[in-house]
Amino acid sequence: MLIDDYSVFLIRDSKTYNIAALCGDLSWRDSIDTLGMEFNFSTGYTDARFFPKLVVRLGDLIVLSNNGAEVFRGIVTDENIDGRFKRSFTAFDFAFYLNKSRTIIQFNKIRADKAIKELCGKFNIPVGNITAIPTLISKIYKDATIADIIEDILEQATKEQGVKYRKEMRIGKFYIEKYSDLIVKGLFKPASNIQAFDVTKAIGSINRTRSIADMKNSILIVSGEEKSTRVAAKAEDAASIKKYGLLQDIESVDSKNIAQVRNIAKNKLAELNKIAEDTSIELLGADSVRAGRILEITEPITGLSGKYLVKECTHTYSNRIHKMNLSIEGA
């Protein structure tokens, strides 16, 4: 493993410019609640007497790499001029177009993975991999963004299959994979003569809160197509109810067979019948860590022990120091 050495490339008209010498304050972030990664950077004064002429423009393609390995690829969408001495830029990966484009489309009993591939093909979005998702989709989407349609399809699949999915762009291609398939180990190498180590073994600041305020230990599934309310399925945890009291939720679903409805109730109970945790930690940076990944963490003082899902991840690289702030929850 090599020491972090980031480069920023601008690509325009089939030409590539290395603008790393002009750039500072690098940061990139993503979240499981949003589709796409955001990259921010700044450049110095533009007077050619001091620096080469500024070449960054809105719409330019920007690539961030570390020792030749691509970390981010996206389009410059925003520019901020801070007085006469500094300009800051924001770029988003190609999921930007999924968030901004709207469409009308109907699916009639088509597998979820095929429906998503059909959407990507319609909008010329390159696909890296979309894992098999057997849930059948029958729905008309009107004036919805591509990102919202994909999110709704995955929500249906999660309710029925009990599987959570991560959607993201990597090296210009779209991926949907199971969270359980994305376990990583973050490694940091501080110097050429020091061996790389697991970043979770050197946790900086840490804050952890736990709550049962949003816990649900009883789930009722009702038909969404009946004029009169009818309970189609029920799932509950008697031990949890005895300990914490009855905390019930009701969900309405469209017409499905008995097995599907029972699965939805069971999976919803598994999702909500737990103590909610909100933990934020600061670690040394590792490119392998981003939202949707699973980290194995043991921290005796706060009681963290086991596998944790990265809900949000912000990397910063300044003065050759790479850090990251994570929001995590039990996987």
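The values are calculated or read from the model by the stated rules, or taken from the named source; none is laboratory data. Owing to the predicted nature of the structure, the values given are computational and were not obtained by experimental measurement. Note: ideal-geometry Cβ built from the backbone for every residue, glycine included; neighbour counts use all protein chains shown.
Overview of results
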item	result
Elements of type strands (runs of 3 or more DSSP E) in the range 146-251, at least 3 residues being surrounded by 14 or more Cβ atoms within 10 Å (Cβ to Cβ), at pLDDT 90 or above and in contact with a Phe, Trp or Tyr (Cβ under 9 Å, 6 or more places away or on another chain)	165-170, 173-178
Conditions (1) at pLDDT below 90; (2) part of a loop (DSSP other than H, G, I, E, B); (3) outside the structural domain of Leu154 (by TED's automatic domain parsing); number of the one not met by Arg87	(2)
Lone qualifier among Ile133, Ile116 - being surrounded by 20 or more Cβ atoms within 10 Å (Cβ to Cβ) and part of a loop (DSSP other than H, G, I, E, B)	Ile133
Single match in Arg290, Arg320 (criterion: out of contact with any Asp or Glu (no Cβ under 7 Å at 6 or more places or on another chain), in the same structural domain as Phe197 (by TED's automatic domain parsing) and either under 18 Å from Asn66 (Cβ atoms) or modelled with pLDDT under 95 (or both))	Arg320
Within the range 295-331, considering residues that are surrounded by fewer than 14 Cβ atoms within 10 Å (Cβ to Cβ) and of a type in the set (A, V, I, L, M), the one farthest from Gly36 (Cα to Cα)	Ile301
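Per-residue answers, yes or no, for (1) of a type in the set (Asp, Glu); (2) more than 30 Å from Lys139 (Cα to Cα); (3) outside the structural domain of Thr158 (by TED's automatic domain parsing):
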residue	(1), (2), (3)
Ile171	no, yes, no
Lys189	no, yes, yes
Ile206	no, yes, yes
Ser240	no, yes, yes
Leu246	no, yes, yes
Glu251	yes, no, yes
